[in-house]
Amino acid sequence: MSLVTGTVGKFVFLLVFVGLFWYFVNRTASGAQLHIRRIAGFDALDEAIGRCTEMGRPVHYTFGIGELDANVLASFDVLGYVAGQCAKMDTDLIVTNALGEVQMMTEEIVRAAYINAGKADSYKADNVRFISNVQTAYISAILGIFQRERPGANLMMGPFFAESMTLAEAGQQIGAIQVGGTGRVIQVPFFIAACDYTLVGDELFVAGAYINRKPVQVGAIYAQDFGKWFTLITVIAGTILATMGNNTITDLFKK
Amino acid sequence: MKFLRSSLPIWLGVLGGGAVLLDLFVKEPAFVKLLSKWFLEWRVILASFALTLGAGNLLRVHSNRIRLKSRDWGYSYITAVAVVGYAALGIIAKRTNPTYSFIFDNAYSPLSATVFSINAFYISTACYRAFRARNSHAAVLLISGVVVMLGSVGIGYAIWPGFNQLTQWIMNFPNSAAMRGMNIGAALGIMGVSLRVILGLERGHLGGE
Amino acid sequence: MSASPGVWLAAFFTLAIYSFLYGDNPAYKFSEHLFVGLGAAHMAVMGWESMYNRAWTPLATKGEWWYIGAIAGGIMLLTRWFRPIQWVSRIPLGFMMGVAAGLSARSAIDAQFWRQIQSTVALKLNVVNNAVYVFIVVSTLAYFLFAFNDKTGVGRGIRGVGMVGQYMMMIAFGASLGSTIMARLSLVIGRLDFLFKTWLGVLK
Amino acid sequence: MEGGILTNLQNIDRRIIYTVVFLVLLFPMFKPIGLPLKISQTTQSAFDAVENLPNGSLVMLTTANAPGTAAELEPQTIALIKHWMKKQHKIIMWPSAAEAPRFIDGYAKLLKDNGYVEGRDFLVLPYLAGGETVFGSMANDLKSTFSMISPGQSALWDSITSISDVDLLADCGGGESQLWAIAHIEAKHRTPTICLITAVILAVRQPYYTSGQFKGIVSGLNGAAEYEVLARVPGAGAAGMDAQSMGHLWVIFTILAGNFAYFATRGKKSPGGGQ
């Protein structure tokens, strides 16, 4: 096996990343209590659902318009939790989808959550809705749903594009309590402007680990943190050395 | 059967993801490159089929609404007719057909452009509320926002030429640096989630079994 | 004023959507439902075209038979409309997800991670702007450290640096919003241009 | 009474804000003011990347333009294509999103009207679904990705073997496509890449410009206006700038008024969202 020139460093990093990932998955699986810091956006989910229950209004959940990617996978974990809570509290949950592939997965996730909560009868198939795979058509339909069904909470987690601003402001106008989260960093400012709580970038990817504490997910978070420490240390050391005229670390990144 | 239902999809994911990822690094053996090339081309074809899923889902949703007489069910006829008619036109008579283009230019395009432009109104009210120096975070947001607003169009330059330089500085340094930090964080998050799929540890996309 | 029926149609749809800014109404509902239908249809047409070009043409004209496999996979995707055999669609879906994950990981580790660090480590700190840059990258990234206990002293320290990072992010978010408002206004300008120039003809 | 006005300023009805937005945008369209324009560094670099290529180079445009983003992206693209025509570059165009082919039809017409011959001087590749996957596939093997184009169909197509023959790649769009262009094509072949984007995503693309992954960025309507000035090709970009400035001023006014009222009445509770 031989490597493409200029990729040795990346490849070694990837191997270490995968190794640590396995190590931490096994550690969590064998019962070790690994810590994860508090994230306000997730703690707000209960508040949002609770308020809908008090007001007798539905909860609205959306993934945005993006492709089936890492954001959507992270959002599935949040949806599972939200659906379970809604089932327990007898609060309606409206899920709107923009992707054909995601539609069936969300149907299964929501139905499973209702069954697990012992409320299989309360599951309404009509409430997990495919809307449109065209961004603007999707927006136009959600604006309509907000005005006509007036959800009390609007939860937006996933790969959002420009619809983030329109949906968040439309939710604000009907007085919904809103939590937005996306790994697409560019959309975060719009959530900040119009939502009550925002999960900034990477925070969304912590969802599964934070909510469910599944070993695989906790392991991934610990491996990711290794990547961040690696970055912090190389950047600080590298720039100090570069200032002193020593390019050891800079050259390392070209290998 | 159990293998076909739950294990095979995961193993195909491991194979597909593994080949495409390794292709970035590996020069030899050559079959990794070949597999990756094939997989990418196949996925383009699968994605083409996936695009048609929407029309089918939509038909299912709206025929249900008509059957159950849900709220505003009368409008569902419009959607159903539009899906079937326009798709048939595009597939049978081709996208370059004049009628197809007429509808695209005079219905689809203005609808899409206008819905998108609602964004402008919504962002102005959202910023009107968000840009209020309620606390220290909001104050920082406000100051950097207003400077950039003034610096990125002619009028700010007319008031004080310095707005322009200040905006360039904010965009090139604090903004670029913070975005870089966030991008690096998000990249690691994406790596974590993607590796869960590539290593065959993720089941969320298969309906959470 | 324009005499073209197409322009009048487009003007009707433009006004119907803008009427929503005042409140929900039947013209909006009509346009919304029509648009949702047209949108899905256009996507299906483009999907068909893409499939035809990418799979059918090479298969039919060049005898590249191996595309049959991919077409079969595509048909398996469509089984999700039929509940009893819905599970079949998971097979191509698992593959699609895998390839997508491979591509994202590839892009994440190279363009978004490695080369971004590569460009940061070369900065010389004796230039003020570079020092600012590095400080902001470091503090922002510290905010995204999750794997620690925030009740311990070290944890509180990390949180503290992360808090500074939060302010830096606020500068970036403000800059984003500031540059965005203007951009979004240009979208309305496009529509006004259509209404007053193309349709009404009052604007030269 | 005064408290009433201040409270009102803090909570202006959104319909009033919307109406005034309409009016202030409309006014300069009837009476242009002619505000000054400052060329930004990112646009200058994008212009230089094209200008410094020898005449007759091979350039490629991948576009995800859509009706929603056309107000910003269309003037940019037209300005760029006009500049390319001046330099007599050979052009490959590919729609990377399902709504883009209709726009490419327009560019093809523009090229033909200026004496370009399809197949020899420029080429339109067919739309393929899959977004990022297609970028990955093009980076691996451009010819095989578009294997539906037979040899002999286009002289331009026959003259190239891989995407590394492309001297400049321009990606246009308001989504993720620029990132895919640098993550797959630029990363593998070091193809000089510029992007034409909506102003919204400038902030998040800036780090990739600083790191040299993008050679230049044309962003938003003002980017289009700047490019028109640099390339000396008058167009639609400059025309919209006054209206934008006025609309902007109104939004800044509402923000400042809101803050003024907020501080004047601080202590009294006011409703409102945000963090």
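Observations
- Sum of side-chain charges, C:Gly39 neighbourhood, beta-carbon under 12 Å (Lys, Arg +1; Asp, Glu -1): -2
- Per residue, the average separation of C-alpha pairs within less than 8 Å and at least 6 apart gives chain D a relative contact order of 29 percent.
- For B:Cys127, the shell of other residues with beta-carbons less than 14 Å away shows a net charge of +4, using +1 for Lys and Arg and -1 for Asp and Glu.
- Highest mean packing first, where packing is the average number of other Cβ atoms within 10 Å per residue, the peptides D:142-155, A:95-108, C:88-101, B:64-77 line up as C:88-101, A:95-108, D:142-155, B:64-77.
- Its Kirkwood hydrodynamic radius, worked out from the mean inverse distance over all distinct Cα pairs, puts region D:1-118 at 18.1 Å.
- Cβ neighbours within 10 Å from other chains - mean over D:209-219: 3
- Cα shape, region B:73-144, gyration tensor, a/c 1.5 rule: prolate
- As a proxy for reagent exposure, D:His83, A:His60 were ordered by neighbouring Cβ count within 10 angstrom, fewest first; the result is D:His83, A:His60.
- Relative contact order computed over chain B (Cα-Cα under 8 Å; 6+ residues apart), in percent: 19 percent
- Cut-off 11 Å, label 7 Å out along Cα→Cβ of A:His35, residues of region C:131-147 by amide N: C:147
- Averaged over residues, the count of other Cβ atoms within 10 Å places the peptides B:4-13, D:236-245 in the sequence D:236-245, B:4-13, highest first.
- When region D:41-239 is reduced to its Cα atoms, the Kirkwood hydrodynamic radius in Å: 16.4 Å
- For region A:1-117, fraction of C-alpha pairs farther apart than 26 Å, in %: 43 percent
- Alpha-carbon geometry of region C:1-105: the Rg and the Dmax are 20.9, 58 Å, given in that order.
- Whole-number D in µm²/s for region A:1-68 (Stokes-Einstein; Kirkwood sum over Cα pairs; 37 °C, 0.692 mPa s): 191 µm²/s
- Square roots of 5 times each gyration tensor eigenvalue, C-alpha, region B:131-209, largest first, Å: 41, 15, 11
- 5 angstrom amide H check on A:Ala153, placed H, neighbours 5+ away: A:His60, A:Ile177
- Note on region A:40-211: percent of Cα-Cα distances in each 5 Å bin, starting at 0 and stopping at the bin with the largest distance, equals 1, 10, 20, 24, 24, 15, 5, 1, 0.
- Percentage, to the nearest whole number, of Cα pairs in region B:19-115 over 15 Å apart: 74 percent
- The ranking of A:Tyr61, A:Tyr123 by Cβ neighbour count inside 10 Å, starting from the fewest, reads A:Tyr123, A:Tyr61.
- Where only C-alpha atoms are counted, convex hull volume of the protein assembly as shown per residue in Å³: 168 Å³
- For chain C, built as a Gaussian network whose Cα springs stay under 10 Å, the top-fluctuating residue of C:Phe13, C:Phe148, C:Phe35: C:Phe148
- Each Cα pair under 8 Å and six or more residues apart adds its sequence gap; the mean of these over the residue count of chain A is a relative contact order of 25 percent.
- Compactness relative to 2.2 N^0.38 Å, alpha carbon Rg of chain C: 1.62
- Reach of D:Lys215 by Cα under 18 Å, taken over lysines that are not fewer than 8 positions away in the same chain: D:Lys188
- With one equal scatterer per alpha carbon and no solvent term, the Debye-computed log10 I(q)/I(0) for chain B at 0.12 1/Å reads -1.15.
- Summing charges over all other residues whose Cβ lies under 13 Å from the Cβ of B:Ser36, with Lys and Arg as +1 and Asp and Glu as -1, gives +3.
- Paramagnetic reach from C:Arg83 (point 7 Å along Cα→Cβ, amide N under 19 Å) across region B:32-73: B:56-70
- Ranked list, fewest to most other Cβ atoms within 10 Å of each Cβ, for D:Val20, A:Val134, D:Val166: D:Val20, D:Val166, A:Val134
- Most tightly packed first, judged by the mean number of other beta-carbon atoms within 10 Å of their residues, the peptides C:111-122, B:86-97 read C:111-122, B:86-97.
- In nm, spacing of pseudo-spin labels at B:Lys2 and A:Ala125 (7 Å Cα→C-beta vector): 2.8 nm
- Choice from A:Arg51, A:Arg148, A:Arg129 with maximal GNM fluctuation in chain A (Cα, 10 Å cutoff): A:Arg148
- Paramagnetic reach from D:Asn11 in region A:145-175 [backbone N under 15 Å; point 7 Å along Cα→Cβ]: A:173-175
- Comparing D:Trp157, D:Trp84, D:Trp250 in a Gaussian network model of chain D where C-alpha atoms under 10 Å apart are linked, the largest mean-square fluctuation is found at D:Trp250.
- Peptide C:12-18 - average C-beta neighbours from other chains (10 Å radius): 6
- Per residue of peptide C:126-132, the mean number of Cβ atoms on other chains within 10 Å of the residue Cβ is 3.
Taken together, the values in this text are just the output of simple stated rules run on the coordinates, not laboratory data. Because the structure is predicted, anything quoted here is derived from the model rather than measured. Note: ideal-geometry Cβ built from the backbone for every residue, glycine included; neighbour counts use all protein chains shown.
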